Amino acid sequence: MSLTVPASMTARKIATDGLDATAWPMPDLAYTPEVAAATAHLYERVKHVVPPVEWPFHAPYVAAINRLKKERDAVILAHNYQTPEIYNCVADVVGDSLQLAKLAARSTARIIVQGGVHFMAETSKLLNPDKMVLIPDLKAGCSLASSITGADIRRLREAYPGVPVVAYVNTSAEVKAEVDICCTSANAVQVVESLGVDRVLFVPDQYLAKYVASKTKVQIISWHGACEVHERFTGEELRRYREADPSIRIIAHPECPPDVIAEADFTGSTAGMIDYATAQKGGKVLLVTECSMADNVAASARDVEFVRPCNLCPHMKRITLPKILDSLLTLRHQVEIPEELALRARRSVERMINLQH
Ligand code: 13P
Ligand code: SF4
């Protein structure tokens, strides 16, 4: 699995008070021989995707972030869609939404910096109410999370009395507070079936809902949300790749439309896709997902040739090394969730996490 836990994550009571943002001046960001030497082993990890001419721009940030992370007692959680220099050079923990949620629950650092989008930072805060959770760019949203509100869930409950509501983790804390349980793309079928009912409301991703419906007898009533990245892929483009090379293995994220899933040899969460791709011994793999995944997974699957009909997630790409550094220096932007709302939202996330045991 594409998941690492820093050795520093041992059980220990932490406090977030006493953090002095003003005490941290901007470090020198020159690409000196010392910085080059200190980051050389990290460049080795990304040299297949980061040209030598670009490294002098990244390296001073990488060195400063890694130094500041220790001084601040911070941990960086990075989603699989983060850029290679974040994913490989400053992240302490990488993974899909489910892995990040579980590892956020285990973190003992004083500060969590979320390399990902806002709903992921909210999930980390729900599971770490006493810690400081930072999102380096407040505008790092998600088209799925913004497609539905808490009021929408209350209206759905009125329209379908007694039908439990499952929310994809790609939702706001306000929505999580109104639903019965959360799920991720890695456990959606398991979560739906765990409820022991004939039908469920499944929000907000219409395509993940269709995928789940194809895998279970439980009737799925879905919302009309969609991921702006995955909905752009088409079955037609995948068929053209397959015609050009019939041996190609196509792997797709379940946020893709059904005609895309129908062409895929494997469908799964981003972590599931990485596991499947790295298990291939040679050959060509077509990754139907966000662009950075192929760059990141290519590092651990050198014998596989990746074909990348990728779409960029503009929200994930708002997180950059300079913004992560700024976050650590200034302790901005802190994720806060009103306690009453957090109590109810946390219950939905914890219900999902407890299912895994
Ligand atoms: P995963 O949980 O599979 O990583 O998906 C999160 C996401 O936002 C995909 O678009
Ligand atoms: Fe949201 Fe899609 Fe971006 Fe994932 S890839 S964060 S689902 S917009």
Taking only Cα atoms of the chain, the Rg to Rh ratio with Kirkwood Rh works out at 0.97
Vicinal HN-Hα couplings computed from phi for region 123-136 (Karplus, 6.51 cos²θ - 1.76 cosθ + 1.60; Hz; Gly/Pro x): 4, 4, 5, 4, 8, 9, x, 8, 9, 8, 10, 10, 10, x
If every Lys and Arg gets +1 and every Asp and Glu gets -1 at its Cβ, then about the Cα centre the chain yields a dipole, in debye to the nearest 20, of 520 debye
Per the Kirkwood treatment, what hydrodynamic radius in Å, one decimal, follows for region 198-357 from the mean inverse distance over all distinct Cα pairs? 18.1 Å
Taking only Cα atoms of region 262-357, the Rg to Rh ratio with Kirkwood Rh works out at 1.09
Do you know the relative contact order of region 199-315, to the nearest whole percent, from alpha carbon pairs under 8 angstrom that are 6+ apart? 21 percent
What is the projected area of the convex hull of the Cα atoms of region 79-133, averaged over all directions, in nm²? 3.3 nm²
Ordered by fewest other Cβ atoms within 10 Å, a rough proxy for footprinting exposure, 269, 97 read 269, 97
Here the relative contact order (percent) of region 186-245, from C-alpha pairs under 8 Å and at least 6 apart, is 31 percent
Evaluate Rg over Rh across region 163-220, taking Cα atoms for both radii and Kirkwood's formula for Rh. 0.92
So for region 90-206, what are the equivalent ellipsoid semi-axes in whole Å, largest first, each being the square root of 5 times an eigenvalue of the Cα gyration tensor? 27, 15, 12
Given the DSSP H assignment, sum -39500 (n - 2.57) over each helix run of at least 4 residues in the chain and divide by its residue total; what's the result at 222 nm in deg cm²/dmol, nearest 500? -12000 deg cm²/dmol
Kirkwood Rh over alpha-carbon pairs of region 27-85, then Stokes-Einstein at 4 °C and 1.567 mPa s: what D in µm² s⁻¹, rounded to an integer? 106 µm²/s
Region 219-357 - charge dipole about Cα centre, Lys and Arg +1 at Cβ, Asp and Glu -1, debye rounded to 20: 260 debye
Of the candidates 313, 345, 330, the farthest towards the positive dipole end of region 298-357 (Lys/Arg Cβ +1, Asp/Glu Cβ -1, centred on the Cα centre) is 313
Most exposed first by the Cβ proxy, i.e. fewest other Cβ within 10 Å, how do 107, 143, 194 rank? 194, 143, 107
Any chance you could check the Cα centroid distance between region 68-124 and region 130-163 for me, in angstrom? 21 Å
Would you mind putting 155-161, 43-49 in packing order, based on average other-beta-carbon counts within 10 Å, highest first? 43-49, 155-161
Enumerate the lysines that residue 317 could reach by cross-link, defined here as Cα to Cα under 19 Å, with residues fewer than 8 away along the same chain left out. 139
For each pair in 176/323; 131/210; 47/125, compute the distance between the two Cα atoms and list the pairs where it is over 30 Å. 131/210; 47/125
How high is the relative contact order of the chain, in percent, counting Cα pairs under 8 Å that sit 6 or more residues apart? 20 percent
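Just so you know, all these numbers are worked out from the coordinates, no wet-lab data involved. Because the structure is a prediction, the values reported are computed rather than measured. Neighbour counts are summed over all protein chains in view; Cβ atoms, including those assigned to glycine, are modelled from backbone coordinates with ideal geometry.
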